[in-house]
Amino acid sequence: MELKVEYFNRELEVAGEKFTIESGKFARHANGSCTVKIGETIVLATVVASKEPNPNADFMPLTVDYRERNYAAGKIPGGFFKREARPRDWEILTSRLIDRSIRPLFPKYWRNNTQISVIVLSHDGKNDSDIAAILGTSIALYISDLPFKIPVASVRIGKVNGRLIINPLITDQRSSELDLVVSGTEEALTMVEAAANELSEMEIVEALSLAKDTIKEMCLFQKAFSTKTKIEVLYPNYNLLLKTDIESEAILKAELSVAIKEKFERELFWSSFKKDLSVRLIKKYPNESMSTINEILEDIFYKKARELILNKRVRSDGRDFEEIRPIICETDILPRVHGSSLFTRGQTQALVTVTLGTPTDMQVVDELTGEHKERFMFHYNFPGFATGEPKGERSTSRREIGHGNLAKRALKYILPNENDFGYTIRIVSDILESNGSSSMASVCGGSLALFNAGVPVKSSCAGVAMGLIKDGENYIVLTDIMGMEDHLGDMDFKVAGTKKGVTALQMDIKILGITIEIIAQALEQAKRGRLFILDKMDTAISVPRNNISNYALRMVTLFIPQDKIGELIGPGGKNIRKIQEDNNVKINIEETGKVFITGLESVGVDSAKEYVESLTVEAEVGKIYKGRIVKVMTFGAFVEILPGKEGLIHISQLSDHRIKKVEDVVKEGDEVRVKVIEIDSQGRINLSLKVVNKIL
């Protein structure tokens, strides 16, 4: 039996590039599906939902999986099994981009299990698949029967040679000062993710405005699509008597609870009251469920916590709206690591370490666009004890990968050039306590640890999380939000940067109506908070240490001509093996001629460097060299003037006066100073000892 699915094929032009959207050909059993093509990059977006709501869900059960098939780029997966396995970090991060773009647009009480799957079918190596994936997801949802009624779109903004570019090609992104991904509806923004090279807040707002105008066009395009009859969302129908009984006690208790400054006291007070009230009410209303009582109680707590800020202009912990929680910055926490710090802000604490490695420690990243190596890694861990939960450590969560990537984006622009500092850098942030903004604590701790490790970074870097409480036209922007304000607020806007400008952004919202004006205010408020935090950090350590840790390997980096690589390695690796053994070092050579020399002792590293430099240096006519006699013949003596390079002192060039035999002047093993008097057409080097003796 043939499936009856409406087919369409339409085109949308964005900044001179054409998106082609096709639906009704692939994945027709899904609630909604489509393909999006840009250039020769094609993604398939599908959405499927359960027929009935999940009775155990107290939030929207949405899962997004973005996956890249290796065949899309004409590749066979590496490894033993030769098939795609667990999602790579890039796929997880793109899944999060899609999720954060669409989640605010679902009805509050949508409880049907919802699965969004996006598959990259073809990749041309030029056009991004993530922007197409978000567009495809929105269209698949909009034309489906799911209660998704407002289209969303996304654009990437780059800045190359001072000019903003919409959806830059992958090649242009490598030289871009900005990588800004923005999602939104026709009216407002829903998600922002960015890395920037210390751009000003004004430049960020300019880029957001350009993105907003483009997104509006893309959303209006989607509104022309016909949609299926939407599934009706079941809103809770509470027992009015039960609701009245709850409100008679809970409103006052919620008002008291939200005014308690200390987190654990507040949580204990409210949870104890909830437990006591629920036990009493379930006896009075045996046909009601505990989950219904909890929903009503949480709605009351939510409203009272927001009223405290919006109407009474007071935060739960008593701070002003722009006040940063108390900060403690410490370094040199762990004696054997290469760099460490402990950054504490209120009840959020990050222990951050820096480890310096060799080029062999770089992370090999295999993507559809090709394989490359990462010299900078940032790993974020969030154990259960950070929030007092008995939760064991298992595989890395999507949240941990996302927070680590945000901190990495914030710090990567302050790192020294690889040619000046060739170390592989790994930062690990272990969250020991959490009450909001642990990713931004990781940025601050990471900056301090880099200073402590002696990494010659450009400047210090800090981050702060901004929040928003909004009711109609009345709103408050909060600086340095704690956990409760994140949970009950309408926006989580993380801003990181230096004293000079912004290096990273991440914004998630829970409501519609976040305008550019609100974001601009939040950016300026975040700048004031960031500068305050940077000043606090400077009191602990204001400049990077002069030297790296004694426990870190010593390293030097140099370049040799590519045609000299073979000469450095030597036949069967003879030369490089000898250098490594004589100096107790390791040498890594890249195809470009870049050479890394690492060892435990500076003396050995410096000695090996001199040897490598001399091995690749050409002899020059007229230059004097110190060499060693390696062979004596009847007609003269051969001298090694550079590693692997020998020249001949003819018997006539040994002395000012006539001699009978060479041994009368030199013998094997003698060290001599000689001058290059000729290099013939065959590259043979002729030397003189008597000329140097005259000079001396």
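The values are calculated or read from the model by the stated rules, or taken from the named source; none is laboratory data. Quantities reported herein were computed from a predicted structural model and do not represent experimental measurements. Cβ coordinates were reconstructed from backbone atoms using ideal geometry, including for glycine residues, and neighbour counts include every protein chain displayed.
Numbers below:
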item: Subset of the range 295-312 that is surrounded by fewer than 19 Cβ atoms within 10 Å (Cβ to Cβ) and in contact (Cβ under 8 Å) with a residue 60 or more places away in the chain - its residue that is farthest from the chain's Cα centre (by Cα); result: Glu295
item: Test: Asn584 is at pLDDT below 90, polar (S, T, N, Q) and touching a helix residue (DSSP H, G or I) at 6+ places or on another chain (Cβ under 7 Å); result: no
item: Out of Val48, Val64, sole residue that is surrounded by 14 or more Cβ atoms within 10 Å (Cβ to Cβ), in contact with a Ser or Thr (Cβ under 7 Å, 6 or more places away or on another chain) and outside any loop (DSSP other than H, G, I, E, B); result: Val64
item: Asn56, sole failed condition from (1) polar (S, T, N, Q); (2) in a strand (DSSP E or B); (3) farther than 22 Å from Ile401 by Cβ; result: (2)
item: Sole residue being closer than 16 Å to Asn113 by Cα, in contact with a helix residue (DSSP H, G or I) (Cβ under 7 Å, 6 or more places away or on another chain) and either outside the structural domain of Gly370 (by TED's automatic domain parsing) or of a type outside the set (Ser, Thr, Tyr) (or both), chosen from Val36, Val14, Val64, Val48; result: Val64
item: Filter pass, Thr369 being at pLDDT 95 or above, at negative phi and either under 23 Å from the mean Cα position of the chain (by Cα) or surrounded by 15 or more Cβ atoms within 10 Å (Cβ to Cβ) (or both); result: no
item: Selected residue (only one of Thr634, Thr598, Thr592, Thr616 is surrounded by fewer than 19 Cβ atoms within 10 Å (Cβ to Cβ), hydroxyl-bearing (Ser, Thr, Tyr) and under 20 Å from Ile560 (Cβ atoms)); result: Thr592
item: Filtered residues of the range 17-30 (kept if in contact (Cβ under 8 Å) with a residue 40 or more places away in the chain and surrounded by fewer than 21 Cβ atoms within 10 Å (Cβ to Cβ)); result: Glu17, Ala30
item: Index of the failed condition, Met466 passing every other in (1) surrounded by 20 or more Cβ atoms within 10 Å (Cβ to Cβ); (2) under 17 Å from the mean Cα position of the chain (by Cα); result: (2)
item: Residues that are under 20 Å from the mean Cα position of the chain (by Cα), farther than 30 Å from Glu232 by Cα and among the β-branched types (Val, Ile, Thr), drawn from the range 77-133; result: Ile92
item: Test: residue in the range 547-562 that is within 29 Å of the chain's Cα centre (by Cα), outside any loop (DSSP other than H, G, I, E, B) and hydroxyl-bearing (Ser, Thr, Tyr); result: yes
item: Residues satisfying the stated conditions in the range 385-425, i.e. under 12 Å from the mean Cα position of the chain (by Cα) and charged (D, E, K, R); result: Glu400, Lys408, Arg409, Lys412
item: Subset of the range 307-328 [at pLDDT 95 or above, touching a strand residue (DSSP E or B) at 6+ places or on another chain (Cβ under 6 Å) and not aromatic (Phe, Trp, Tyr)]; result: Glu322, Arg325, Ile327, Ile328
item: Residue within the range 337-351 that is free of Cβ contacts under 8 Å to residues at least 24 places away in the same chain and farther than 30 Å from Asn237 by Cα present; result: no
item: Residue within the range 502-512 that is among the charged types (D, E, K, R), in a strand (DSSP E or B) and surrounded by fewer than 17 Cβ atoms within 10 Å (Cβ to Cβ) present; result: no
item: Criterion (crowded, with 19+ Cβ neighbours inside 10 Å and in a strand (DSSP E or B)) met by exactly one of Ile150, Ile119, Ile134; result: Ile119
item: Residues being of a type in the set (Gly, Ala, Ser) and in contact (Cβ under 8 Å) with a residue 24 or more places away in the chain - total across the range 653-696; result: 3
item: Flag for Val603 being assigned by TED's automatic domain parsing to the domain that holds His650 and at pLDDT 90 or above; result: no
item: Residue within the range 222-240 that is assigned to a helix (DSSP H, G or I) and either of a type in the set (Ser, Thr, Tyr) or under 38 Å from the mean Cα position of the chain (by Cα) (or both) present; result: yes
item: Of all residues in the range 274-294 being hydrophobic (A, V, I, L, M, F, W, C) and in contact (Cβ under 8 Å) with a residue 24 or more places away in the chain, the one that is surrounded by the fewest Cβ atoms within 10 Å (Cβ to Cβ); result: Leu277
item: Test: residue in the range 637-657 that is in the same structural domain as Arg684 (by TED's automatic domain parsing), aromatic (Phe, Trp, Tyr) and in contact with a helix residue (DSSP H, G or I) (Cβ under 7 Å, 6 or more places away or on another chain); result: no
item: Answer from Lys75, Lys82, Lys37 - the residue that is surrounded by 14 or more Cβ atoms within 10 Å (Cβ to Cβ), outside any strand (DSSP E or B) and basic (Lys, Arg); result: Lys75
item: Test: residue in the range 99-121 that is of a type outside the set (Ser, Thr, Tyr), out of contact with any Gly (no Cβ under 9 Å at 6 or more places or on another chain), closer than 13 Å to Tyr66 by Cα and free of Cβ contacts under 8 Å to residues at least 40 places away in the same chain; result: yes
